[in-house]
Amino acid sequence: MPFHAEEHARIVSVERLRPGDHAFASYTDEESRWATLGSYTHAGISRGERVLLFADPALPEATVLERLEAYGPPVGFSVRRGQLKLLSMDRMWLPRPLSVERQMAGLRREVEDALGDGYACVRSAIDMAWVASFGADIEQVLWRESEGCHYLFRDGRYTEICTYDETRFSDDELDRASAGHPTALLKRPGTLLDVPLMEGGDTYGLRLIGEADLSTRERFDAALRRIAASDAPRAVLDLTELTFLDVYCARAVLRLAGAADDRHVVIRCGGIHVHTFLLLGALDIPQLIVEGE
């Protein structure tokens, strides 16, 4: 798969999406497909948003509900009350012929209807299997992804993820689709990605994205070893995009900082992780700086 998350301005786990994000996601199997769609859908429901789910048109609605509930609580009540809407993409343009403009107009109507119903934010998840199902022109679809839909996100009240089955699209199509989105998702929830930080010649830095726990500990420890091996006088570890940091990993970070007698170590993280580091003794390490969001 040619997609390189590091090329995006912002890479996040699905739990860290913000209102107004337009994100690329891809999957290679049913687990990664539904883990992402399930987490995204349940997060929207829990936040009181309306959720528009455009699943693979080949799947019956009962199957979609079954898959969603395999990755979270029951959603039947949310469907009945209209908070979760299971939609087919052709509903956006029928009875007229398919066009990107009509598709966008249909999505805009759904957003406006949701806002009119009292929802402060709307999110949609679009399985791009609809492209082959309805015979859409892939060039028009890719134009829509990169240029034709920006107006939907301008007010920060609409969020969208577009999920691509890597077996249904060419490498070139996946590359272009990925490049058309300002945000990219990790392959699946519960994983960890480390990305280099570009902060100047005197600094070696990494940004960690996802979850730091037992299941990702090997990759987490490898990232810390790379920081320890660097001879840069300043080390930066950006944890602001972590959704979870367990105590073992937090202690490992402090051990790294404590061993760095001849250089400064900066940890950037969210409020709950700042609290964790302080409880574990961060203030006792003079060369360590903990920066909160």
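The values are calculated or read from the model by the stated rules, or taken from the named source; none is laboratory data. In this text, all values refer to a predicted model and were calculated from it rather than measured experimentally. No Cβ is skipped: glycine too gets one built from the backbone with ideal geometry, and neighbour counts run over all protein chains shown.
So which of W130, W93, W143 is out of contact with any Ser or Thr (no Cβ under 7 Å at 6 or more places or on another chain), free of Cβ contacts under 8 Å to residues at least 60 places away in the same chain and of a type outside the set (K, R)? Result: W143 is the single residue among W130, W93, W143 that is out of contact with any Ser or Thr (no Cβ under 7 Å at 6 or more places or on another chain), free of Cβ contacts under 8 Å to residues at least 60 places away in the same chain and of a type outside the set (K, R). Residues in the stretch 92-143 that are in contact with a Pro (Cβ under 6 Å, 6 or more places away or on another chain) and over 19 Å from H42 (Cα atoms): W130, S133.
Condition first: of a type in the set (S, T, N, Q) and assigned to a strand (DSSP E or B). Now tell me which residues in the stretch 210-244 satisfy that. Those that are of a type in the set (S, T, N, Q) and assigned to a strand (DSSP E or B): T240, T243.
For E112, the stated conditions hold: it is among the charged types (D, E, K, R) and either at pLDDT 95 or above or not assigned by TED's automatic domain parsing to the domain that holds R157 (or both). The strands (runs of 3 or more DSSP E) falling completely within the stretch 9-96 that include 1 or more residues that are in the same structural domain as R176 (by TED's automatic domain parsing), β-branched (V, I, T) and modelled with pLDDT under 95 map to 10-12. Against the test of being under 25 Å from I11 (Cβ atoms) and touching a helix residue (DSSP H, G or I) at 6+ places or on another chain (Cβ under 6 Å), the options L245, L214, L237 yield a single qualifying residue, L245.
In the stretch 113-209, counting only strands (runs of 3 or more DSSP E) that sit wholly within it, the ones holding 2 or more residues that are among the aliphatic types (A, V, I, L, M), touching a helix residue (DSSP H, G or I) at 6+ places or on another chain (Cβ under 8 Å) and surrounded by 19 or more Cβ atoms within 10 Å (Cβ to Cβ) span 122-127, 183-185, 192-197.
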